[in-house]
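One structure below.
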Amino acid sequence: MYRPPPRWYLWTAFGVALAIHLTAVALAQKREAVAVELPPQPPQVVEATLAPPEATPPPEDIPLPEPPPPPEIKPEFVEERTPPPRPPPSAQQPKFTPIKAAALSMSQAKALAVYNPRPPYPYEARAHKIMGSGVITVEVDPASGNVTNASVTQSIGNSILDDAAVSTFRRWRFRPGSVSKVRIPITFTMTGASY
């Protein structure tokens, strides 16, 4: 097991280091700078004569190469002069015939759904072990496939579960022109929601 050394070791080491430093400072102050005198030297004069610059021959005329011809500039965008194609008249456009809700099974509705998130099992209902089954009716805009309304046809047995199912089914999206109304049976168990 490790034992720290006694404190007097630390203070002794500190005192020795301090004494060494103070001795070094004292010795440095005792030494005086010794001035050395040099005999005076006479000033030296250097004479220099500048030689005339050598005549440099004139540069030879170097013929410059001819510049290349300018590149042919083509416009990046050419505007079309033809008019855009006309849309077909409204009489020729196919009309969507939504599938009736009575003839649609739940598996067919799931197949036609583009976006169909599963309803979450609310924490409060799970904590109280609330379970049940019910039916939610969803009305769909046939042109866009968006759900316009979701309502409880048969209650699940608890308003928390009803609200969770209705709010989730309102976010569903179907293929445009596929359905107008869907009845969705839903069951909440402890393992989650199933429909």
Potential extension, LEU10-VAL135 segment - 0.36 nm per residue separation minus Cα distance
36.5 nm
Going by how many other beta carbons lie within 10 Å of each one, how would you line up VAL135, VAL179, VAL25, fewest first?
VAL25, VAL135, VAL179
Gain on full stretching of the segment that runs from ALA143 to GLU72 - 0.36 nm per residue minus C-alpha separation:
20.3 nm
If we count other beta carbons within 10 Å of each Cβ, what is the order of LYS181, LYS129, fewest first?
LYS129, LYS181
Alpha-carbon Debye profile of segment 101-194, log10 I(q)/I(0) at 0.11, 0.14, 0.19, 0.20 Å⁻¹
-0.29, -0.47, -0.81, -0.89
Once both label points are put 7 Å beyond Cα along the C-beta direction, the VAL114-SER194 separation in nm becomes 3.0 nm
Between SER151 and TYR123, take the C-beta separation as r, use R0 = 25 Å, and let me know the FRET efficiency to the nearest 0.05.
0.55
For ARG173, ARG118, what ranking results if the residue with the fewest other Cβ atoms within 10 Å of its Cβ goes first?
ARG118, ARG173
So LEU27 and ARG170, fully extended at 0.36 nm per residue minus their Cα-Cα distance, gain in nm 42.1 nm
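Laboratory data are not the source of any read-out in this text; all were calculated from the coordinates shown. Only a predicted model underlies this, so the values are computations on that prediction, with no experimental measurement involved. We place every Cβ from the backbone using ideal geometry, glycine too, and count neighbours over all the protein chains shown.
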